[in-house]
Amino acid sequence: MGPAAARLRGEVRALVAEHVPPGYLGAFTGDPADLEVAQRFCRLLAERGLLCPAWPAEYGGRDASPWEQTVVREEMWAHHEPRGAQYMGVNWVGPTIMRHGTAEQRRAHLPPIARGEAIWCQGFSEPDAGSDLASLRTAARRDGADWLISGQKVWTSYAAMAGWCFLLARTSERERRQQGLTIFLVPMDAPGVEVRPIGSLLGPHHLNEVFLDDVRVGGDAVLGEVDGGWKVVQEVLSFERVGIARYARCERLLQTAPRVLGDAWDGLPAELRTRWARGLVQCRRARLLAYRVIALQGGGRVRPGDAAAYRIAVTRLDQDSAEVLMDIVGLAPPEGPGTGEARRFRLAVEDHWRYSHASTVASGSIDVQRMLLARALLAAP
Amino acid sequence: MNIEPSGEAAEYGRQASRAFAAAGGDRLAPLAEAEPERRGALVEPVLRELGAWELRPRDDPDDLEAAAALCRSAGYRALAYPLAERLARPAGLGTDGLLVVDGPAPRAPVAGLDLRWTAVTLDGRRGEAVVRSGERSLDSAVVAELDVRPLDAAGAGDVALGLVLPCWTLLGMLDRALDLTRSHVLARHQFGEPLARRQGVRFQLADAEVERGGAEALAAYALWSVQSGRAEALDDALALRLAALEAAEAVFRTAHLLHGAMGFCDESPLSWVSRCSRPVRWLPLGLSATRDHLARRLGRHGLTGLFSEAAT
C-alpha cells in the first residue's frame with residue numbers, strides 16, 4: 001500500500017490507543033458515554049484531516065489516495081468503529097452530495113460531515129421493499145414549492161441519533177418502477193418524523209422504524225433531479241462497493257486470540273486451531289479481493305463482478321470467524337487477576353458474533369451479490 | 001505487494017495457451033494417460049519453443065511471473081506434464097526438476113519421463129528421487145512412486161516455490177472448469193429454458209467463482225512473497241495451497257453437477273481437466289494435511305497481515 005499508507009496506519013493506531021478506551025465496543029451500546037467517545041473521536045479525526053481523508057481539500061478532506069482511505073477504514077472497523085455512525089456521511093452521503101448537490105446543499109451539508117458533527121441515516125428499506133428496493137411506497141407529493149412526504153422506513157440504523165436522513169421516496173408513477181423515485185435530504189427533527197427503536201440481537205440503535213406523516217420539506221431538500229433518484233442510488237452503491245472492511249476486525253480478533261489464551265492455546269483441540277488458521281487465510285483472501293476492487297476502481301476499470309465476489313467472501317469470513325472465535329473463548333480458562341484483557345476479548349468476540357449475523361443482510365443481501373456476480377459471469381464475452 | 005501479475009506475464013500465458021491448443025489441446029491429457037512415455041515428446045518441443053527452459057524463476061522476478069502464467073495455461077489446457085515441477089528445479093544440483101514430497105510413500109506425477117528429479121520435504125530435507133520402475137499409481141498412469149535417496153538438509157528455501165507453482169497449474173484448471181461450465185449452462189436447455197436462467201444454477205456459479213477468485217488473489221500474493229524472498233514465504237505458500245484446494249473442491253463439484261453425466265464422459269474436456277487435477281490436489285498434501293501443516297507452522301504467531309503483531 002506504500003509508505004504513506006503505512007505512516008497513516010501508525011498515526012491512526014496511536015490515536016486509537018490514546019483516545020479510545022480499552023474494551024470499547026462501538027457507539028451503539030446502552031451506555032451514552034460510548035456515543036460521546038465516538039463524537040469526541042470524530043472531532044479529533046476531523047481536526048487532523050483523517051475523518052474524510054479522500055475528500056477534496058475544498059470540502060474538508062486532504063485529497064488522500066484510496067489506499068490511505070482504506071487504511072482508515074480498516075483501522076476504524078478493526079477497533080469497533082470509534083467514528084460511530086459518521087462513517088456513512090464520510091463514505092457515501094458526502095461524496096453523493098458533492099456530485100449531485102447544489103452549491104447550497106454542498107455548503108450546508110459537507111462542512112458538518114467533515115467536522116464530524118453530523119450524523120446521517122439512510123431511508124431506503126421499507127416493510128415491503130427490502131432487496132427489491134424499487135417497490136418502495138413512501139411517497140412525496142408537491143404542495144406549492146414544498147413537498148409533503150408520508151410513509152414508513154424500516155431497519156434504519158442510527159435513526160434515533162441522526163440529524164439528517166438520506167431518504168428515497170416515490171414522486172411519480174411511471175412504467176418502470178425505478179423511474180419516479182427522488183432523493184430527499186430530510187431533517188430528522190422535522191414535524192411528522194417519528195422514530196421507534198426495534199429491539200434486536202444486534203444491540204441498541206442498529207434497527208429502527210421511521211414514520212413520516214406529511215413531513216414538509218422545501219424544494220431545496222431534493223438531491224439531484226426529481227424522479228432521478230434511482231441513478232443516485234446506483235452511485236451510492238458504487239461508493240459502497242468495498243463497504244465496511246469487515247476482514248480487519250476478523251483478523252484482529254483472530255490474531256489476538258493466542259496471546260489472550262497464553263499457554264492454554266496449545267491445549268485447544270487441534271481441529272479448532274486448524275479452523276483458526278483457515279480463518280486467517282480467509283482474512284487474507286478477503287483483504288486481497290478488496291484491494292483488487294480498490295486498484296481497479298482507481299484505474300476506472302472496476303467490474304461489478306469483482307465487487308460482488310469480495311462482498312460474498314467477506315460476509316462469509318465474518319460469520320465463519322465469529323463461530324471459530326466463539327468456540328475459542330468458550331474453551332478459554334477462567335481469567336485470574338490481571339489486566340482484564342481476557343474479559344474484554346470475550347466481550348469483543350461476543351459482540352462480533354452477534355453483529356456478524358447482520359453481515360449477510362446489511363448494505364444489500366449476500367444473495368443480491370450472488371445474482372450480480374452470476375450476471376457478470378454469464379455476460380462475459 | 002502484487003495483487004495482479006503483470007500484463008507481460010498474462011500475455012505470455014495467452015500465447016502459451018494458444019500454443020498448447022495448437023499442439024493437441026484437449027487430446028493431450030488422454031494421450032498422456034494412455035501412454036505416459038509419449039507425453040514428453042508431445043509437449044516438450046512446444047515448451048522449448050515458448051522458451052520455458054530459459055526462464056530463471058528463482059533469479060528473476062519477471063521470469064517467475066512468466067513461469068506462473070505458463071503453469072496456469074498448462075493447467076487450463078490440462079497438459080498432464082510436470083511443468084511446474086520442472087520450472088521449480090533447484091539451483092546447482094544438475095537435476096531437471098523439484099518434487100515436494102511428504103509421507104512415507106512419496107509419489108509424483110512424473111511417470112514415463114526420462115528426467116532427473118530432486119525431492120524436498122516440507123522441512124527442507126533434499127534427496128535424489130528415482131521413479132520406481134514398473135510401479136504405477138492405481139489412480140493415474142502419470143503418477144509414479146518414488147525412491148528418495150537422502151542428499152542434504154539445505155532445501156528449506158526450495159519448498160515455497162515448489163508448492164506455489166503447482167497451485168498456479170491448479171488455478172488454470174479452475175479457470176477452465178468454470179469456463180466450460182459457464183458455456184454449458186448457457187447452451188443446455190432444461191424445462192424449456194437455458195440452465196443459466198435458474199437462480200439455483202446462478203448461485204452455484206457465483207459461489208464457485210468466489211472460491212476461484214480468492215485462490216487467484218492468494219496465488220498472486222504467494223508468488224510475490226517468493227519473489228521478495230520473505231521469511232514467511234512457506235506460510236504464504238501453504239495458505240495458498242489451502243485456499244486453492246478448497247476452491248478446487250467447490251469448483252469441480254459445481255462443474256460436475258451442472259454438466260450432469262456429460263461431464264464424466266471421455267469426450268468432455270471437463271472430465272480430463274478434473275482427472276488431471278488429482279495429482280495436484282492430493283500430492284504432496286491433500287486438504288486436511290495442508291490445513292494441519294499450516295496450523296502447526298502458524299503456532300501462536302498467526303499469518304502475517306494487518307495485525308500479526310497482536311499475537312506477540
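With the contact rule set at Cα under 8 Å and sequence spacing of 6 or more, what percent relative contact order holds for chain B? Mind dumping the intermediate values first?
Numbers: 516 pairs, mean separation 55.1, N = 312.
In percent, rounded to a whole number, it is 18.
GNM on chain B, C-alpha springs below 10 Å: top fluctuator among B:GLN190, B:GLN204, B:GLN227?
Largest GNM mean-square fluctuation: B:GLN190.
Tell me the net charge near A:ARG115. Cut-off is 9 Å between Cβ atoms, A:ARG115 excluded, with +1 for each Lys or Arg and -1 for each Asp or Glu. Please report the intermediate quantities before stating the final value.
On the way: positive: A:ARG43; negative: A:GLU47, A:GLU117.
Cβ neighbours under 9 Å give a net charge of -1.
Counting just the Cα atoms, what span does region A:241-379 cover along each of its three principal axes? Round to the nearest Å and put the largest first.
For region A:241-379, the Cα spread along each principal axis is 58, 27, 25 Å.
Quick one: what do you get for region A:122-227 if you divide its Cα Rg by 2.2 N^0.38 Å?
1.03
What number in nm² do you get for chain B if you take the convex hull of its Cα atoms and divide its surface by four?
On the way: hull surface 65.9 nm².
Result: 16.5 nm².
For B:ARG198, put the label point 7 Å out on the Cα→Cβ axis and report which residues of region B:253-283 keep their amide N under 20 Å from it.
Once the point is set 7 Å along Cα→Cβ of B:ARG198, B:253-265, B:270-271 turn out to lie under 20 Å by backbone N, inside region B:253-283.
Just want the ordering: B:MET173, B:MET1, A:MET98, from fewest to most Cβ atoms lying within 10 Å of their own Cβ.
Ordered from fewest to most neighbouring Cβ atoms within 10 Å, B:MET173, B:MET1, A:MET98 come out as B:MET1, A:MET98, B:MET173.
Using a basic spin-label model with each label point 7 Å from the Cα along Cα→Cβ, how many nm lie between A:ALA264 and B:ALA261?
Label at A:ALA264, label at B:ALA261, 5.7 nm between them.
Could you work out which residue, out of A:ALA322, A:ALA14, A:ALA145, moves most in a Gaussian network model of chain A, that is, has the largest mean-square fluctuation with Cα springs under 10 Å?
Per the Cα network of chain A with a 10 Å cutoff, A:ALA145 tops the list.
Helix A:3-19 versus the longest principal axis of chain A: what is the Cα-based angle in degrees, 0 to 90, to the nearest 10?
Tilt of helix A:3-19: around 80 degrees.
In µm²/s, what is D for region A:7-133 at 25 °C and 0.890 mPa s, where D = kT/(6 pi eta Rh) by Stokes-Einstein and Rh is the Kirkwood radius from Cα pairs?
In µm²/s, the coefficient rounds to 161.
Using a Förster radius of 30 Å, what is the FRET efficiency between B:ARG48 and B:GLU128 based on their Cβ-Cβ separation? Nearest 0.05, please.
Efficiency for this residue pair is about 0.75.
Per the Debye formula with a single identical scatterer at each Cα and no solvent contribution, what log10 I(q)/I(0) holds for region A:296-371 at q = 0.16, 0.19 Å⁻¹?
-0.69, -0.81
So if I take the centroid of the Cα atoms in region A:233-275 and the same for region B:57-124, what is the distance between those two points in Å?
Answer, in whole Å: 34.
Report the relative contact order of region A:3-118, percent, no decimals, based on alpha-carbon pairs under 8 angstrom and at least 6 residues apart. Intermediate results must be reported in sequence, preceding the final value.
On the way: 138 pairs, mean separation 35.2, N = 116.
Across region A:3-118, relative contact order equals 30 percent.
Considering only C-alpha atoms, what is the centroid distance from region B:199-223 to region A:1-70, in Å?
33 Å
In whole Å, what are the extents of the protein assembly as shown along the principal axes defined by its C-alpha atoms, from largest to smallest?
91, 68, 42
Name the residue farthest towards the positive end of the dipole of region B:231-289 from the options B:VAL280, B:PHE264, B:ALA239, assuming +1 on Cβ of Lys and Arg, -1 on Cβ of Asp and Glu, about the Cα centre.
My answer, from the dipole projection, is B:PHE264.
Please get the size of the charge dipole for chain A, origin at its Cα centre, with Cβ charges of +1 on Lys and Arg and -1 on Asp and Glu, quoted in debye to the nearest 20.
Magnitude of the dipole: close to 1180 debye.
Run the simple label-point estimate for B:GLU35 and B:ASP62 please: 7 Å along Cα→C-beta, distance reported in nm.
4.0 nm
When the distances between all Cα atoms of chain A are binned every 20 Å from zero, what whole-number percent does each bin get?
27, 58, 14, 1
Could you order peptides A:181-188, B:109-116 by the average number of other Cβ atoms within 10 Å of their residues, highest first?
Numbers: A:181-188: 22.5, B:109-116: 18.0.
My ranking of the peptides, most packed first, is A:181-188, B:109-116.
So if I place +1 on the C-beta of Lys and Arg and -1 on the C-beta of Asp and Glu, and nothing else carries charge, what would the dipole magnitude of region A:122-227 be about its Cα centre? I want it in debye, nearest 20.
Here the size comes out at about 160 debye.
Within the P(r) computed for region B:180-249, what percentage of the Cα pairs occupies the region above 19 Å? All intermediate terms of the calculation are to be shown ahead of the outcome.
Numbers: 1183 of 2415 pairs.
I get 49 percent for the Cα pairs in region B:180-249 exceeding 19 Å.
To the nearest 20 debye, what is the magnitude of the charge dipole of region A:3-118 about its Cα centre, counting +1 on the Cβ of each Lys and Arg and -1 on the Cβ of each Asp and Glu?
Result for region A:3-118 is approximately 280 debye, rounded to the nearest 20.
Return one number: the angle in degrees, 0 to 90 and rounded to the nearest 10, between the long axis of the Cα atoms of helix A:304-330 and the longest principal axis of the Cα atoms of chain A.
40 degrees
Counting other beta carbons within 10 Å of each Cβ, put B:ARG58, B:ARG39 in order, fewest first.
B:ARG58, B:ARG39
Taking the simple approach of a point 7 Å from Cα along Cα-to-Cβ for both A:GLU58 and A:GLU194, what is their distance in nm?
Distance between label points: 4.4 nm.
Rounded if a/c is under 1.5, else prolate if a/b is larger than b/c, else oblate: which is region B:52-120, with a ≥ b ≥ c the root eigenvalues of its Cα gyration tensor?
In terms of gyration-tensor shape, oblate.
Every read-out reported here was derived from the displayed coordinates using simple, explicitly stated rules and does not represent laboratory data. Quantities reported herein were computed from a predicted structural model and do not represent experimental measurements. Cβ: placed from backbone, ideal geometry, glycine included. Neighbour counts: every protein chain shown.
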